[in-house]
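Beneath this line is the structure, given in structure tokens, with notes to follow.
The values are calculated or read from the model by the stated rules, or taken from the named source; none is laboratory data. Just so you know, these numbers come straight off a predicted model, no measurement behind them. For neighbour counting, all protein chains shown are included, and Cβ atoms are generated from backbone atoms with ideal geometry for every residue, glycine included.
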Ligand code: SF4
């Protein structure tokens, strides 16, 4: 959450434009539409959810306050166009919205990875929003903010992490009932060690689902090492 800055005083104008950051690093985008592009990742600290399969629990706490100007300078220093703002849940810090707009103003191709539990209405439309829909297997299905679906455009993407055959059938139903494929790209990923990737691929092909199967490149290449 957007914790008040210690000693910031009453005047809003005096509040520094800062965000709590876990890490900023250069890697390959491992998933979604921009998979394979060299990308700078800006990982914001904190998340109000606790998905069973979460692989970024180290971003729940800690981090350090960074000025937005310093974040932009560090991103620019990496010298690539693609930037992914992720977490944790980046939108849990309100000032994330300003960071996204400034990254776009600076000419970056910006994506946002968000849990689907927080309103995306105010995100800059130049940003590609990669919105999770939490399946029952995540343990956080109740957090899905369904009003977000109506806000999706072809510039956005929705992602399901599939933990079981039951999750697959649930997700297949959501795609059909809400005509998600008519709005934007729909991505299905296997939850590592819970669903065999080939089995999930076979289910999608057998059902001719209008979704894209994806595996996380960074896990295949670097076995999910932090900072890669
Ligand atoms: S929303 Fe993302 S960061 Fe938060 S607990 Fe779930 S998987 Fe982890």
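Scan the stretch 88-105 residue by residue and report those that are outside any helix (DSSP H, G or I), more than 18 Å from residue 30 (Cβ to Cβ) and within 10 Å of the ligand (Cβ to nearest atom).
The one that is outside any helix (DSSP H, G or I), more than 18 Å from residue 30 (Cβ to Cβ) and within 10 Å of the ligand (Cβ to nearest atom): 89.
Kindly provide the set of residues from the stretch 17-44 that are farther than 20 Å from residue 138 by Cα, within 15 Å of the ligand (Cβ to nearest atom) and in contact with a strand residue (DSSP E or B) (Cβ under 7 Å, 6 or more places away or on another chain), ordered by number.
20, 21, 22, 23, 41, 42, 43, 44
Looking at (1) away from the ligand (no atom under 16 Å from the Cβ); (2) surrounded by fewer than 20 Cβ atoms within 10 Å (Cβ to Cβ); (3) under 17 Å from the mean Cα position of the chain (by Cα), find the lone condition where residue 72 falls short.
Against the list (1) away from the ligand (no atom under 16 Å from the Cβ); (2) surrounded by fewer than 20 Cβ atoms within 10 Å (Cβ to Cβ); (3) under 17 Å from the mean Cα position of the chain (by Cα), residue 72 comes up short only on (3).
Would you point out which residue out of 78, 108 is away from the ligand (no atom under 16 Å from the Cβ) and under 19 Å from the mean Cα position of the chain (by Cα)?
Being away from the ligand (no atom under 16 Å from the Cβ) and under 19 Å from the mean Cα position of the chain (by Cα) holds for just one of 78, 108, which is 108.
Condition check: in contact with a helix residue (DSSP H, G or I) (Cβ under 9 Å, 6 or more places away or on another chain), within 17 Å of residue 29 (Cβ to Cβ), at pLDDT 95 or above and within 16 Å of the ligand (Cβ to nearest atom). Does residue 85 satisfy that?
In short, yes.
If we scan the stretch 44-56, do we find a residue that is part of a helix (DSSP H, G or I), surrounded by fewer than 14 Cβ atoms within 10 Å (Cβ to Cβ) and modelled with pLDDT of 95 or more?
No - not one qualifying residue is present in the stretch 44-56.
Of all residues in the stretch 88-97, which are in contact with a strand residue (DSSP E or B) (Cβ under 9 Å, 6 or more places away or on another chain) and either in contact (Cβ under 8 Å) with a residue 60 or more places away in the chain or more than 16 Å from residue 60 (Cα to Cα) (or both)?
Matches in the stretch 88-97: 88, 92, 93, 95, 96.
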